[in-house]
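All remarks here apply to the structure that follows.
The values are calculated or read from the model by the stated rules, or taken from the named source; none is laboratory data. What you see is a predicted model, and the numbers here were worked out from it, not measured in a lab. Backbone-built Cβ (ideal geometry, glycine too); neighbour counts: all protein chains shown. Note: areas computed on protein heavy atoms with side chains; ligands, DNA, RNA excluded. Shrake-Rupley method; radii C 1.70, N 1.55, O 1.52, S 1.80 Å.
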Amino acid sequence: MESPSGLRRRSLTLLALLLPSLVSAAALDNRDPLPAGYASPPYYPAPYGGWDDGWGDAYEKAVAMVSRMTVAEKVNITAGTGRCVGNTGSAFRVGLPTALPARWATRVRTTDNITAFPAGITTGATWSKELMYERGVALGEEFRGKGVNFYLGPSVGSLGRQPRGGRNWEGFGSDPVLQAVAGAETIKGVQEQGVIATLKHYIANEQEIYRMYNPLQRAYSSNIDDRTMHELYLWPFAEGVHAGTGAIMTAYNDVNGSACSQNAYLINGLLKDELGFQGVVMTDWLAQISGVAPALAGLDMSMPGDTLGNNIPAFRVQQLDV
Ligand SMILES: *[C@@H]1O[C@H](CO)[C@@H](O)[C@H](O)[C@H]1NC(C)=O
Ligand SMILES: *[C@@H]1O[C@H](CO)[C@@H](O)[C@H](O)[C@H]1NC(C)=O
Ligand SMILES: *[C@@H]1O[C@H](CO)[C@@H](O)[C@H](O)[C@H]1NC(C)=O
């Protein structure tokens, strides 16, 4: 049982996380319907991984381990334990410890003696592949030194369509090639230190207003045609997958009216089939909005897991728009 003060602390954290979206929902504007012709086609089933030579060994080990795991253990390692930081549960019986993802893209979070690294936008402005790579190495060393498994970056999911977009600073600039190269150099630098990079936010995370689903209103939808998707928004993710990123984080928003955390065309289709991504797809914090749909659509890990919020029925927005 959790202590009352622990519950209070978690409620406050949750409220702080949801406040911006609840405040914006206070003015419940009518949302424009999707433009004619925009829809997210179904794309099932989720493609199998393991066919990529670079990932063969990892898949072999994973299959051997997962085949010995119970359902409770599988659930334990595919969701956080509800702390805001998002540690996963463990499966010590088969030798798998807790995984620890730590925000943000510029520093290790909730600990001391850390470095505040330059923001992505500052790094991009150097136009230097070498500095981008060296920043990645330094981030990786610090995360590794602090015992963190996942670095929750680099961010290439805002291209700066809205100049005041809240996440623009975390990425490297508005040019898809600049984003792509800087993201790939960061991934190399971080992962060479034994820390998993988490390329984010997939995809078109271009504004903060209406950014999240809440009990009263859906998140905004980025409506993007196939050519724009491939030539602009998907490009940095393609380079990140080529650079071997181990994880990808979905965005809060919809694309073509279907939430990124359960959009089968985006995850099963573009990411896992077309780009051949073999790693872990995780949600942004509190972005999983339904039960079965995201798993079928290709989502692998729910973050930060069993939060207080997910235990309040009103927060379980059942949105089966697969
Ligand atoms: C969104 O709809 C457009 C227009 O039909 C289509 O070209 C595009 O592939 C769709 N993208 C997604 C992710 O559903
Ligand atoms: C789930 O993870 C927690 C936290 O690491 C651990 O205490 C618990 O024993 C795990 N449960 C199972 C079934 O392995
Ligand atoms: C942080 O640095 C201070 C001063 O060197 C030291 O006393 C403290 O133990 C350090 N904390 C950690 C968690 O390493």
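Residues whose amide H lies under 5 Å from that of L96, counting only those 5 or more places away or on a different chain, are A91; hydrogens are built 1.01 Å from N in the peptide plane.
Of the residues L34, L199, the one with the largest accessible area comes first in the ranking L34, L199, computed with a 1.4 Å probe on protein heavy atoms.
Taking amide H as placed 1.01 Å from N in the peptide plane, the amide H of H201 sits under 5 Å from that of V156, G157, S158, each at least 5 places away or on another chain. Backbone phi angles across the range 253-259, fed through the Karplus curve with coefficients 6.51, -1.76 and 1.60 (θ = phi - 60°), yield HN-Hα couplings of 7, 8, 10, 6, x, 10, 4 Hz in residue order; Gly and Pro are listed as x. Compared with the direct C-alpha span, the chain from A125 to A62 gains 18.7 nm at full extension, assuming 0.36 nm per residue.
Rounded to the nearest 10 square angstrom, I267 shows an accessible area of 0 square angstrom against a 1.4 Å probe. Taking all protein chains together and a 1.4 Å probe, the residues D112, D53 rank D53, D112 from largest to smallest accessible area.
The packing ranking, built from the mean of other Cβ atoms within 10 Å per residue, places the peptides 253-260, 211-218 in the order 253-260, 211-218, highest first. Extension gain for D53 to T228 (0.36 nm times residue separation, less C-alpha to C-alpha distance): 59.9 nm. Could you tell me which of rounded, prolate or oblate describes the range 33-168, using a ≥ b ≥ c as the square roots of the eigenvalues of the alpha-carbon gyration tensor, with rounded for a/c under 1.5 and, failing that, prolate when a/b is larger than b/c and oblate otherwise? Verdict is oblate for the range 33-168. Ordered from highest to lowest accessible area with the whole protein assembly present and a 1.4 Å probe, S174, S128 read as S174, S128.
Accessible area per residue was computed with a 1.4 Å probe on protein heavy atoms; W169 scores about 80 Å².
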